[in-house]
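The values are calculated or read from the model by the stated rules, or taken from the named source; none is laboratory data. All figures in this text were calculated on a predicted structure; none of them were measured in a lab. Here the Cβ positions follow ideal geometry from the backbone for every residue, glycine too, while neighbour counts run over all protein chains shown. These area figures cover heavy atoms from the full protein model, side chains too; ligands, DNA and RNA do not enter into them. Shrake-Rupley method; radii C 1.70, N 1.55, O 1.52, S 1.80 Å.
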Amino acid sequence: MGKILDGKAFANLRAEKLKEKVKDLKAQGITPLFCVINVGDNKASKIYVRTKKRRAESVGIIQKIYQLPEDEKEEDLLALIDKLNADPKVYGVMVQLPAPKQINVDRVLERIDPEKDVDGLTPSNIGRLWQGNHFVEPATADGILALLDHYNIDLKGKDVVVIGRSNIVGKPVAALMLERDATVSILHLETKNLSQYTKNADVVVSAAGQAGLVTADMVKDGVIVIDVGINHVNGHLVGDVDFDSVAPKASYITPVPGGVGPLTVEFLMEQVIKLTRRANGIRE
Ligand code: NAD
């Protein structure tokens, strides 16, 4: 049975350290504040926004929620972003995705000031990520790298397979692992034969959103498995990986729930604090 990579415990440990950083900022008269814009009625989005707010409050960060109607005009959303960009008390701005179809997501993300881009999704911050000179990272990817560091897992020279190529998870995980000298393959829906890649991988990161996608016959003994997937099956939360069959072959594995999920929220808060410190000239 592989060792469990306990994301929940690690996130709580990090939160304690983050509280100290928040205290330091407040002692200097700086209040970390970030804004989450949610457009429309997507149920999951509303839950995510509330989860973030709870976490923010628990570490002393103020999160303001802008809940906009399903038929919000793109120009009005852009005007709100402009207003928040210009407000010196606001250190972070993010738009909860997905957005309704009248909204051009690329145009909206591009409008966010890169210095306030807590999700790391503006073109310039994505570019910086691949250049290796980033100051903000998509939270899930940053959290995964920190979790591996916490367990002293070195990626140098490892063969990594990332399943999923979204801007928010798959691509940034791949970029950060490449930066750590791993050899990275990015797999997706059009990949002909997943097993051909996963069988040879030292590390498999699955961010596809499909329950039961990664099974024991697809991985080698000793594999390290990071399961990003969140799927609801018969009222249960499961990942992409068939945990019961894969865990005995793995050297390390993240559970779902309690693995990557708690890291994402914690590391979003860490991005807020990074940007708040940066805006106030405090270096890491
Ligand atoms: P997405 O739908 O934008 O992207 C999914 C990607 O997976 C696509 O690139 C697609 O090509 C690939 N894919 C889907 N099915 C596949 C298959 N059968 N074989 C190969 N590739 C396949 O999703 P996303 O936003 O990147 O999220 C991915 C999953 O991770 C979802 O389940 C989401 O809920 C979850 N997620 C979890 C966290 C967390 O904190 N744990 C954070 C973000 C996303």
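Here the gap between residue 154 and residue 279, fully extended at 0.36 nm per residue and compared with their Cα-Cα distance, gives a gain of 41.8 nm. Going by accessible surface with a 1.4 Å probe and the largest first, 111, 165 read 165, 111.
Bridges between two residues of region 184-284, per DSSP, are antiparallel at a rate of about 30%. Measuring between alpha carbons in the structure, the pairs from 52/249; 17/199; 43/274 lying more than 32 angstrom apart are 52/249; 17/199. Highest GNM mean-square fluctuation among 70, 190, 115, for the chain modelled with Cα contacts below 10 Å: 190. In region 3-101, Cα pairs under 8 Å separated by at least six residues give a relative contact order of 37 percent.
Per-peptide packing, taken as the mean over residues of other Cβ atoms within 10 Å, places 44-54, 195-205, 243-253 in the sequence 195-205, 243-253, 44-54 from highest down. Once the Cα atoms are used to define both axes, helix 170-179 deviates from the longest principal axis of the chain by about 80 degrees. Largest mean-square fluctuation among 192, 64, 73, in a Gaussian network model of the chain whose springs join Cα atoms under 10 Å apart, belongs to 192. Is any residue of region 208-249 close enough, with backbone N under 19 Å, to a label point placed 7 angstrom from the Cα of residue 1 along the Cα-Cβ axis, and if so, which? What the label zone holds, given the 19 Å backbone N cut-off, is 216, 221-227, 239, 241-249.
Once backbone amide H atoms are built at 1.01 Å from N, residue 205 has 161, 162, 163, 226 as its partners under 5 Å, excluding neighbours fewer than 5 places away on the same chain. Which value at 222 nm does the chain reach when only helices count, each DSSP H run of 4 or more adding -39,500 (n - 2.57), with the total divided by all residues and rounded to the nearest 500 deg cm²/dmol? Helix contribution divided over all residues of the chain: -13000 deg cm²/dmol.
Round to the nearest 0.05 the FRET efficiency obtained for residue 79 and residue 58 when R0 = 41 Å and r is the Cβ-Cβ distance.
My answer for the efficiency is 0.80.
Take the Cβ atoms of residue 107 and residue 43, set R0 to 22 Å, and the FRET efficiency comes out at 0.30.
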